Amino acid sequence: MKTVALVGCGSLGGNIAGGIQGQLNREYKIVGLYDSNPAAALALSRQTECPAYGSLSALLELKADYVIEAATSGALKEIASQALRNGSDLIVLSAGAFADEGFASGIREEAGKLNRRIYIPSGAIGGFDIMQAAMALGQVEASIYNIKSPEALEGAPYLKGRQLSRTEKETIFTGNAREAIEAFPKNVNVAVALSLATAGPEKTKVMVVSVPGSKMNTHRIELAGDFGSASIEISSWPSLENPKSSEIAAYSVIAKLKNLSSAISFC
Ligand SMILES: NC(=O)c1ccc[n+]([C@@H]2O[C@H](COP(=O)([O-])OP(=O)(O)OC[C@H]3O[C@@H](n4cnc5c(N)ncnc54)[C@H](O)[C@@H]3O)[C@@H](O)[C@H]2O)c1
């Protein structure tokens with residue numbers, strides 16, 4: 001039985017804990033939870049009967065086999081090095097942190113030296129299999145349209161408090177993945193994950209589109225390169241607790257854990 005420590009007890013953290021206990025209880029045991037909001041940690045601790053810890057370092061000292069991050073980019077940056085040095089592998093949802101080149105190169109080097117792994121699950125998108133195969137074959141250009149309701153986008157730093165139209169569809173951002181995660185830190189982790197798997201944050205194009213009345217979060221990915229071309233479109237229901245997030249992202253962590261414990265695994 002492998003052990004898991006969970007950082008972040010919000011909407012996705014709750015789904016991940018439920019998924020592990022409901023589907024993977026023979027393979028994994030959650031040994032501890034942490035959230036910077038003690039009430040969130042306590043609520044999930046009561047629900048799951050897993051102990052909540054009062055500090056990140058106390059949680060990481062458990063030296064779980066896997067530390068799952070479902071919090072923020074800032075939290076990931078805070079825990080990554082200590083978790084790896086404690087012998088844990090990381091499974092991360094706030095992939096946007098890797099748009100920070102200093103963090104990305106430092107943590108990659110540290111994980112390499114320590115022979116530890118950092119897993120970026122597919123989150124709210126998919127197609128990492130074709131991205132990796134295409135990159136192995138040659139050059140790839142990648143772009144992503146991030147299509148959400150105005151309610152799911154409002155509050156982002158880029159909008160500076162601006163209210164989006166409730167009647168007109170609007171492309172509100174065009175730029176690369178590094179610029180996109182600064183502009184929409186809670187919405188475009190997927191764009192950074194795509195960029196890491198393909199052409200990198202500078203060269204991956206991102207468009208953010210506000211569509212009034214849109215009930216789902218839609219990501220349309222276009223790949224073109226030496227292999228040929230691919231279009232991947234995924235529409236997923238927003239999390240009930242957090243419309244900026246998609247529940248499927250939590251279950252991509254469950255899928256990753258299943259792959260890690262299975263004799264046969266998918267890419
Ligand atoms: N990779 C993807 O495809 C994908 C998809 C959806 C969401 N996400 C990302 O996953 C993360 C979690 O999403 P969510 O919907 O559960 O968010 P949420 O806001 O519902 O929950 C986040 C939780 O993290 C806690 N938190 C904040 N800072 C913390 C810190 N420093 N240490 C510990 N806990 C901290 C908050 O109190 C909150 O309870 C976010 O960064 C989100 O952007 C990624």
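So the values come out like this:
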read-out	value
Hits in segment 45-59 - residues which are surrounded by fewer than 16 Cβ atoms within 10 Å (Cβ to Cβ) and either within 15 Å of the ligand (Cβ to nearest atom) or charged (D, E, K, R) (or both)	Arg46, Gln47, Glu49, Gly54, Ser55, Ser57, Ala58
3 or more residues away from the ligand (no atom under 16 Å from the Cβ) and polar (S, T, N, Q): qualifying strands (runs of 3 or more DSSP E) within segment 162-233	170-176
In segment 111-131, residue nearest to Pro243 (Cα to Cα) [restricted to those that are assigned to a helix (DSSP H, G or I) and in contact with a helix residue (DSSP H, G or I) (Cβ under 6 Å, 6 or more places away or on another chain)]	Phe128
Pairs where the first residue, in segment 112-133, is under 15 Å from Thr198 (Cα atoms) and acidic (Asp, Glu) and the second is outside any helix (DSSP H, G or I) and within 13 Å of the ligand (Cβ to nearest atom), C-beta under 7 Å, 6+ apart	none
Considering residues of segment 1-16 that are away from the ligand (no atom under 11 Å from the Cβ) and hydrophobic (A, V, I, L, M, F, W, C) only, the residue farthest from Leu93 (Cα to Cα)	Met1
Qualifying residue in segment 74-90 (condition: within 22 Å of Phe266 (Cα to Cα) and either more than 9 Å from the ligand (Cβ to nearest atom) or crowded, with 16+ Cβ neighbours inside 10 Å (or both))	yes
Every residue from segment 134-159 that is touching an Asp or Glu at 6+ places or on another chain (Cβ under 8 Å) and part of a loop (DSSP other than H, G, I, E, B)	Gly138, Gln139
Meets criteria (more than 13 Å from the ligand (Cβ to nearest atom), closer than 16 Å to Ser246 by Cβ, modelled with pLDDT of 95 or more and among the β-branched types (Val, Ile, Thr)) for Ile147	yes
Test: residue in segment 22-44 that is polar (S, T, N, Q), surrounded by 18 or more Cβ atoms within 10 Å (Cβ to Cβ), in contact (Cβ under 8 Å) with a residue 60 or more places away in the chain and closer than 15 Å to Val253 by Cα	no
Segment 234-267: number of residues that are more than 14 Å from the ligand (Cβ to nearest atom), of a type in the set (Gly, Ala, Ser) and without any contact (Cβ under 8 Å) to a residue 24 or more places away in the chain	3
Boolean, Gln23 is more than 12 Å from the ligand (Cβ to nearest atom) and under 24 Å from Lys244 (Cα atoms)	no
Some residue of segment 254-266 being at pLDDT 95 or above, in contact with a Gly (Cβ under 6 Å, 6 or more places away or on another chain) and more than 23 Å from Ala199 (Cα to Cα)	yes
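The values are calculated or read from the model by the stated rules, or taken from the named source; none is laboratory data. Just so we're clear, the structure is a prediction, and the values are computed from it rather than from any experiment. No Cβ is skipped: glycine too gets one built from the backbone with ideal geometry, and neighbour counts run over all protein chains shown.
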